[in-house]
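The block underneath contains the structure these notes are about, expressed in structure tokens.
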Amino acid sequence: MSETAAKAPGSTLGAVDPNRWRALVFIALAQLMVVLDATIVNIALPSAQQDLGISDGNRQWVVTAYALAFGGLLLFGGRIADLWGRKNAFVVGLVGFAAASALGGAATNEAMMFGSRALQGVFGALLAPAALSLLAVMFTDAKERAKAFGIYGAIAGGGGAVGFILGGVLTEYLDWRWTFFVNIPFAIVAALGAYFVIREPEGGRNRNPLDIPGVLLSTLGLVALVYGFTRAESDGWGDSVTVGMFVASAVLLLAFVVTEAKVKAPLLPLRVVTDRNRGGVYLSLGIAIIAMFGTFLFLTYYLQIVKGYSPIRTGFAFMPMIVGMMVGSTQIGTRLMTRLPARMLMGPGFLVAAVGMLLMTQLEIGSSYASIILPAMLLLGLGMGTAFMPAMSLATLGVEPRDAGVASAMVNTSQQVGGAIGTALLNTIAASATTTYIADHIGSASSRSQQQLVQLEGMVHGYTNAIWFAVGMLVLAAVIVVTFVNAGRPDGTTVASSEEGAEDEVRVPVVAH
């Protein structure tokens with residue numbers, strides 16, 4: 001019998017939670033806080049670096065410390081949520097994130113700053129999978145699930161862009177410390193609301209003993225992978241430490257897979273990722289994020305350095321993408337998810353985003369915002385919003401309730417690793433193209449102003465080269481979706497893999513347990 005058709009041992013479908021929509025408000029608020037934090041600090045980084053005396057060589061650790069802890073501990077955080085209960089993990093994650101944010105805002109030296117960012121990553125790794133898995137187990141009606149994941153998907157996709165706006169406003173009008181302090185009211189409201197409103201369905205916990213070898217291997221493997229890409233960005237792909245990190249990561253993650261196939265109570269049951277639909281979602285989402293994160297960075301630099309925008313104006317320049325994501329997720333994705341197969345939303349969504357990226361390859365120094373960037377951002381947001389919503393839902397569709405936390409963690413892991421890869425890989429492509437362009441053209445520049453112009457042209461040339469690569473990534477994500485994802489037919493049936501490995505058509509509602 002297929003996993004989607006069978007009810008997990010010890011699980012209960014139970015009555016519909018009357019507080020589920022109120023609970024969604026607090027879950028969405030917590031998700032917004034986590035996603036905002038990924039970008040809001042970037043805007044404040046120059047000011048924080050100056051105040052705390054952080055060297056240029058060490059400033060990357062403000063971002064890297066968070067990324068390493070968050071990316072490395074996500075699977076562990078998802079398993080803890082399954083063990084403790086998602087509500088408990090959610091509340092603890094929020095309280096811890098608020099405390100870490102207070103520490104960061106009060107930082108007096110670089111050690112306090114780096115430590116606070118690492119702590120934010122630790123509690124974020126507990127909070128993020130708990131939030132998504134709560135949605136998975138609380139919303140079981142197909143139409144309601146579509147609406148809930150539409151809201152969640154819009155926040156997950158657009159929150160990063162909102163972070164640019166909020167970061168610019170706080171840094172310019174208050175102080176960089178408020179980019180940390182702003183998390184505290186978010187966390188307090190979400191934690192209190194969750195404590196009093198959320199009623200997690202009974203019988204969904206995984207009380208098996210913790211897989212310690214799996215925790216160590218997965219954490220070390222993911223940390224090595226994220227750090228490898230982070231170091232590649234600053235020290236180059238041929239750097240001995242960079243290469244060593246990639247080799248170590250491959251060995252550790254391979255050992256993790258072998259371990260999970262043998263132990264009785266694995267940290268990541270392989271059934272979660274070997275399901276063709278979930279596996280296709282994790283892979284396509286990670287690849288799409290590679291394209292998206294790199295583009296965020298390039299557009300920020302293009303608008304501020306080439307076009308001379310202020311931090312606030314730069315933030316507001318991202319608004320069309322936020323609007324596009326909201327429309328794609330809540331209007332297109334939500335309305336069509338119960339009528340069309342998920343691949344018919346995700347595949348075209350990634351392709352529409354690719355068209356938006358394609359427009360950005362036409363950027364030049366004198367390009368107008370209205371003619372290129374505005375329509376490109378609208379298409380990018382519309383496409384990603386349409387694709388994100390069914391992806392978030394499908395990632396936990398049909399999973400056993402006891403595995404909901406770790407399945408949700410895999411969504412966040414694919415996004416986090418994709419973001420690390422995207423930033424490093426696209427930055428390297430851009431830097432290489434820029435260097436080559438300047439070397440080829442600087443000789444013909446006789447005056448200082450001409451040399452500055454060549455440098456700006458080289459910078460934009462590098463961005464557009466990297467964006468071409470991002471276009472290819474989005475097309476590849478669409479191909480993966482069409483190839484692997486076959487769940488969620490309009491007639492309410494889904495194709496699931498049976499235990500014998502054959503594909504059986506099972507008539508079940510397109511919802512989780």
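Quick check on this structure: which one of Y302, Y309 is assigned by TED's automatic domain parsing to the domain that holds A470 and free of Cβ contacts under 8 Å to residues at least 60 places away in the same chain? Step through it out loud before you land on a result.
On the way: Y302 fails: free of Cβ contacts under 8 Å to residues at least 60 places away in the same chain.
Just one listed residue meets the conditions, Y309.
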Which one of these does Y173 not meet: (1) in the same structural domain as S310 (by TED's automatic domain parsing); (2) surrounded by 18 or more Cβ atoms within 10 Å (Cβ to Cβ); (3) out of contact with any Pro (no Cβ under 7 Å at 6 or more places or on another chain)? (2)
Within segment 354-382, how many residues are small (G, A, S) and closer than 14 Å to A470 by Cα? 3
Having 2 or more residues that are among the hydroxyl-bearing types (S, T, Y) is the bar; report the helices (runs of 4 or more DSSP H) wholly within segment 170-286 that clear it. 212-235, 240-262
In segment 127-145, which residues are of a type in the set (V, I, T) and under 22 Å from the mean Cα position of the chain (by Cα)? V137
Considering only residues that are over 21 Å from T413 (Cα atoms) and of a type in the set (G, A, S), which ones fall in segment 74-99? A98, A99
Scanning segment 55-109 for residues that are of a type in the set (K, R) and part of a helix (DSSP H, G or I), the one surrounded by the most Cβ atoms within 10 Å (Cβ to Cβ) turns out to be R86
Could we say that A376 is assigned to a helix (DSSP H, G or I), surrounded by 19 or more Cβ atoms within 10 Å (Cβ to Cβ) and free of Cβ contacts under 8 Å to residues at least 24 places away in the same chain here? yes
Evaluate segment 287-303: report whether one residue or more is in contact with a Leu (Cβ under 7 Å, 6 or more places away or on another chain), surrounded by fewer than 16 Cβ atoms within 10 Å (Cβ to Cβ) and of a type outside the set (F, W, Y). no
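The values are calculated or read from the model by the stated rules, or taken from the named source; none is laboratory data. For clarity, every value in this text was computed on a predicted model and none was experimentally measured. Heads up, the Cβs are rebuilt from the backbone with ideal geometry, glycines too, and the neighbour counts pull from every protein chain shown.
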